[in-house]
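See below for the structure under consideration.
The values are calculated or read from the model by the stated rules, or taken from the named source; none is laboratory data. It should be emphasised that the depicted structure is a prediction, and the values quoted were computed from it without experimental measurement. Virtual Cβ from ideal backbone geometry, glycine too; neighbours counted across all protein chains shown. Heads up: the accessible areas ignore ligands, DNA and RNA and are worked out on the full protein's heavy atoms, side chains in. Shrake-Rupley method; radii C 1.70, N 1.55, O 1.52, S 1.80 Å.
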Amino acid sequence: MNWISNYVRPRINSLFSRREVPENLWTKCSECGTMLFHRESAENLNVCTNCDHHMAITPRERFQALFDAGVFTEVDVPAPVDDPLHFKDQKKYPERMKAARKETGEREAMLVAEGEIGRTPIVAAAQDFSFMAGSMGMYVGNAIIAAAERAVTAKRPLVLFSAAGGARMQEGILSLMQMPRTTVAVQMLKEAGLPYIVVLTHPTTGGVTASYAMLGDVHIAEPNALICFAGPRVIEQTIREKLPDGFQRAEYLLDHGMLDRVTHRKDMKDELVTILRMLTGQGPAIKGDLPKPEDVATPQNDAKTTPSKPTTEAEVKAKKA
């Protein structure tokens, strides 16, 4: 009886007991509702394998796919005052910041890094929409200025990936002041003769669109990205008219001359490398290095590698004869 209760019953219970599955193993596509396995989604750069919808991607994940071998160096960004206006709505501003940092593992809504893509050295900056909707605050302004200064110092192009809901409400007028500050930073690049390329991702709205996101030398967007100042719902309520299908989406803006390209996320690195090397006067992109040829034992190689013996006077006279 002890054998049954101590061994058999626990064994049966373990076979039929409910196993806990981690919540982060599956991701649901927000466009078609398909459940995607996390490894499959990561390998496809967070693009739905069913409907090709471009889901959100963090700056670190983007940089790991963008830079050669996923290697990059972060650029230091000066930290501003934490709560300059002592703002409070439903929660205090420091509490919201603490929750966002815990959820994302990042310090703020923008990450700045430098490295090489296709052997082309660049400085890159990317906004994190999961961090308080990628809102533009003083830190984002400092990050863009730090990225521009680093690009000018190192004489490298700057590539910026925008994703934001606009200015950060909790910083009020100080957030809106980042619009002219970032415009000055972009002007620094233009005066130095360095390319500034902007990749607009979903969504890019508000004061971000009205400043640094639309000041690039080349504007590229991901498919179906929402790019606007005021959203479609606000416009419809204001003019009391129905907007056309796809209004303010990347493809619509491309057709109306607001964008230069709409590029799939998988093709983004090659597209950037090609454009950057053209703008900086470099040759075609290097796809890979040929392996070093191995030494093969052939009569020609043996003749080249075998050291010749010193020639005597008798041999010289015999050759002349």
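Among the chymotrypsin sites (Phe, Trp or Tyr not before Pro) in region 214-277, those placed in a DSSP loop whose Cβ has at most 15 other Cβ atoms within 10 Å are F247. Dimensions of region 138-246 based on its C-alpha atoms, expressed as ranges along the principal axes with the largest first, amount to 49, 31, 18 Å. By accessible area, using a 1.4 Å probe on protein heavy atoms only, region 207-282 has 51% of its surface on carbon and sulfur.
In this label model, L25 and H38 are separated by 1.0 nm, measuring between points 7 Å along each Cα→Cβ vector.
Kirkwood-type hydrodynamic radius, region 77-172: 14.1 Å, calculated from all non-identical alpha-carbon pairs. Summing Cβ point charges (Lys, Arg +1; Asp, Glu -1) relative to the Cα centre of region 193-250 gives a dipole of roughly 180 debye. Placing +1 on the Cβ of every Lys and Arg and -1 on the Cβ of every Asp and Glu, with nothing else charged, gives region 66-113 a dipole about its Cα centre of roughly 360 debye. Along its three principal directions, the equivalent ellipsoid of region 133-180 from the Cα gyration tensor extends over semi-axes of 23, 12, 7 Å, largest first.
Average accessible surface for region 146-297: 53 Å² per residue, computed with a 1.4 Å probe over protein heavy atoms with every protein chain in place.
Pairs spanning more than 26 Å between alpha-carbon atoms, out of K28/K266; K98/K266; K242/K266; K98/K190; K28/K242; K28/K91: K98/K266; K242/K266; K98/K190; K28/K242; K28/K91.
The residue list A221, T182, F247 was ranked by how far each Cα lies along the charge dipole of region 168-290 toward its positive end, using unit charges on Cβ atoms, and T182 comes out on top. A 1.4 Å probe run over the protein chains yields, for region 77-135, 52 Å² of accessible area per residue, whole-number rounding. With all pairs of different alpha carbon atoms counted, what Kirkwood hydrodynamic radius in Å does region 37-99 show? With all distinct Cα pairs of region 37-99 included, I get 15.2 Å. In this entry, region 72-117 is assigned a mean projected area of 4.2 nm², taken as a quarter of its C-alpha convex hull surface.
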